[in-house]
Each structure stands twice: as structure tokens, then as C-alpha cells.
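Just so you know, all these numbers are worked out from the coordinates, no wet-lab data involved. Keep in mind that this is a model prediction, so the values were computed, not measured. So basically every Cβ, Gly included, is an ideal-geometry build from the backbone, and we count neighbours across all protein chains shown.
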């Protein structure tokens, strides 16, 4: 049980190919009008000190390794929030050659916040909802659903050298995603 | 300070510092017409960090963070136990250097850059603290806090320009805007803190609180032990620092040295000249 994370969740915000619409709304939450610091939330730029990963955008092929890398670098307990229609399903970009159709094709997502773009009120609601999920988690390790290479554990941590596998191995392993055909 | 007050004060130093940090966050939020986090938020942050899974880069790096906190605590203990003020300052510098070595010991560009900036920042504020102590010595003839605190006229009245010089150095020491170059959260993501997580990030958080205690106990010396004056100094400096932190943008480290050092040296020289004229007149 993670009791204190609920009172002091630190955010990490990552733009995985978003149009900046959702990013502006996330920053609006942090600004004085919506003020999510009243929940003890701080926007850190550092994955190893963060509890909540906010991802916007449909995960472009350039961004997917970064998303997995950031997720692996976050210490447990942690939650992932997909912000906006693109991050949830791929949105208007779904099925295009350069995107990966949402965050959940690479890492497990705890809360989906739909909307194009998501309203600040919705984002606050989603973050507060994720705190309940965070409270139920513990230090047990969580893994990305897909890495570029095989997942290996080295001295209690995900071995990130496995991430540097070839693109070909990824394409081979990912035939179940992508276009709906 | 008698031993019976000093001992509990040293034990309670991190708690006092944490409350100061929490109050600082609240007052900054209120200045921006926000509600802000609860007063005890720093303690909640600490508890959270203690229960996170730990990532350690290498054991030496983690040990240096721990050593940083302990040496900082020792320097505060020395201040409370009426030790030599110069020794207190050098112990404090030692704590900073341990953190700098920790920053250089990992292969992170931001960490290395933060360590360099930490050194530049200490180059800016340490001379001010040393000059301040030397001025106190020339005025009161002692390097010990007790001698200053028991004198009839408080240093704030006899050394006002030195106090202003210290005020200029405080944002550098406490890593506040416009001189928060060594932390710079949007720019180098906390500098030397970047590779610390979990328990060891908590240790650095406690060191930050101890820094608050160190600075405010130094300001207490300027009240000469008069509680009303001490309270006025504390509240005034606290609100001033928060206001300046809110109202200003970060400068570069070159600009920081160009702004602070000449100003501080001029203020100190003015104070020495005034004092010597007073002596001649008497």
C-alpha cells in the first residue's frame, strides 16, 4: 500500500508527438487558475523522481523508445495517464504509417482522459482518479508491454540495454498492432 | 545557548526547516493568488520519497548525499553550541563540496553542470558570509555567537550595510530566483539532485531544510538576542525572499557574479568606512 504517494504525487509530462493542444491544457492546470499544487502535485522534469507519467500525443515512431525509456526509469509505485484522444487511441492519426495508435500499445495505462483537447477540469479529474489507483500499488516492478528488445532483469532493475535492439525485431514483434485490417 | 536548549534545537532543526519550507511554498502560492499546498507538504513529500523504490547510480554517489546532510547538520550543531563562526562557515562549505563531488561523480551532463554551478554559487555567497563574520569580529571582538548575542547593541544597528550584503547573498544560498542557477528546475532539472531518487532524494530534501535553519540562525545573530527584533528580521526577510522569488526571472551565472559581488563589496567597504569614522569621532 502506498499511502503517502497520494498526498504528494510528482508529475512527469511527456509529449509523444502531440499537437501541443493537450500540453497547453496540462500547463494551464499547473498555472494559478487551476492550481493543482494544492494537491501537493509538482511538475518535475525528472523520471526517477516522478510518480505520475502524463503522456500526450499518438506516440510517433520517433517517440516510442523515449516513452518506454521514461516509463522504465520511473521507480514504483507509478501510474500512467494518457491525456487526449490521440494518447488514448491514436485519435485522428489512428492507422497512419508514422504513429503507434496510442500509449497502451507500449506501456500499461491506468487512466484514459479523452477529449480533443482534454479540458483542464478533465485532466484534474483524471489525475485525482489516478491517485486512488496509486494508493493501491506497491513497490512491485511493472513492465512495459513492449520493448524493442527482450525484457531482462539485471540486479533488480529492467536492463535498458535491451531497448537498443534493432528496429527489425520490433516490426516483427508488433504485427498485432497498427492498421485495422 | 545553554546545552539544554541547544540539544533539542539541533534535533528539531530539520522539522523547523521543513516548516519554513512549507510556509515558503504557501506564501509564494498566496502571492500568486493560488491556494497552494498544505503547510506540511514537505513532510508528505519526504514520507513519499521514503516509500518509493530506490534507484542508486553507485554507492559512493548515495553516500556523498548522506555525508552532505550529516556535515550540514554538524555545522548547525556547532553554531548552536557556540562554536567559532569561521569554523561553522568552513564546515558548511565542506558540506557543499561533498555535494559537488557527488554531482561530478555521475555521467550525467545536467548533474555535472549543476555541480559547476553549485561551485560558482558558493564562490558568490561564501565571501559574503566570511566578510560578515569578520565585520562582527571587528565590532564585538569575538568569533563566538554568545559574545554577539549578549552585547548591548545588536549588529543590525551597528552593521546595517553588512546585513544588506547578506540579504543579497541569501537567494544564492537558498537557491531562489533570480539566483537559483544551481538548481534551475526548468533548465537543468535540479542540477546535482537529478540522479538521486527515493530515500537519497529525501536526504537532499532534509539538507535543503537544514540550509533554511542555517541561514535563519545566521540572521538571528544580527538581532543581538532581542526576540522582537529577531522576529521582525525573520518575517521581513521571509516575505522579501518569497516576493523576490516570485517577481524575478533567473539570471545566468556570469550575470549573477557581476551583479552580486561588486554590490556586496561596495556595501561592506561602506560599512567599514562608517565604522572607522565613528571610532575616530569617539
| field | Residues residue A:96 and residue A:125, FRET efficiency given R0 of 30 Å [Cβ-Cβ distance, rounded to 0.05] | value | 0.55
| request: With viscosity set to 1.567 mPa s and temperature to 4 °C, compute the Stokes-Einstein D of region B:81-192, Rh being the Kirkwood radius across alpha carbon pairs; µm²/s, no decimals. | output: 85 µm²/s
| query | How many angstrom lie between the C-alpha centres of region B:137-202 and region A:20-69? | reply | 33 Å
| task | Please work out whether region A:88-131 counts as rounded, prolate or oblate from its C-alpha gyration tensor, where a ≥ b ≥ c are the square roots of the eigenvalues and a/c under 1.5 means rounded, while otherwise a/b larger than b/c means prolate and anything else oblate? | result | oblate
| field | Within region A:4-27: backbone nitrogen closer than 19 Å to the residue A:69 label point (7 Å, Cα to C-beta) | value | A:12-18
| task | Let me know the volume per residue of the alpha-carbon convex hull for the protein assembly as shown, in Å³. | result | 142 Å³
| Which number do you get for Rg(Cα) / (2.2 N^0.38 Å) in region B:1-48? | 1.44
| request: Take each of the peptides B:52-62, B:252-262, B:19-29, average the number of other beta-carbon atoms within 10 Å over its residues, and list them starting from the highest. | output: B:19-29, B:52-62, B:252-262
| Is there a simple number for the mean count of other chain Cβ atoms within 10 Å of the Cβ of residues in A:130-141, and what is it? | 1
| note | A student applying the Cα gyration tensor rule (rounded when a/c is under 1.5; otherwise prolate if a/b is larger than b/c, oblate if not) would label region A:61-108 oblate
| Which shape class, rounded, prolate or oblate, goes with region B:27-71 when its Cα gyration tensor gives a ≥ b ≥ c as root eigenvalues, a/c under 1.5 marks rounded, and past that a/b bigger than b/c marks prolate? | prolate
| said: Per-residue counts of other Cβ atoms within 10 Å, averaged by peptide: what ranking do you get for B:125-135, A:53-63, B:103-113, highest first? | reply: A:53-63, B:125-135, B:103-113
| request: Over the whole of A:34-44, what's the average partner chain Cβ count within 10 Å per residue? Rounded to a whole number, please. | output: 5
| For region B:64-139, what value does the Rg/Rh ratio take when both radii are computed over Cα atoms and Rh is the Kirkwood radius, given to two decimals? | 1.05
| note | Taking N as the number of residues in region B:3-281, the ratio of its alpha carbon radius of gyration to 2.2 N^0.38 Å works out to 1.00
| Label-point separation, residue B:266 to residue B:58 (7 Å along Cα→Cβ), nm | 4.7 nm
| task | Please work out the ratio of the alpha-carbon Rg of region A:10-141 to 2.2 N^0.38 Å and round it to two decimals. | result | 0.97
| query | How many nm separate the modelled label positions at residue B:15 and residue B:2, each set 7 Å beyond the Cα in the direction of the Cβ? | reply | 2.1 nm
| remark: Averaged over residues of B:193-203, the number of beta carbons from other chains lying within 10 Å of each residue's Cβ is 3
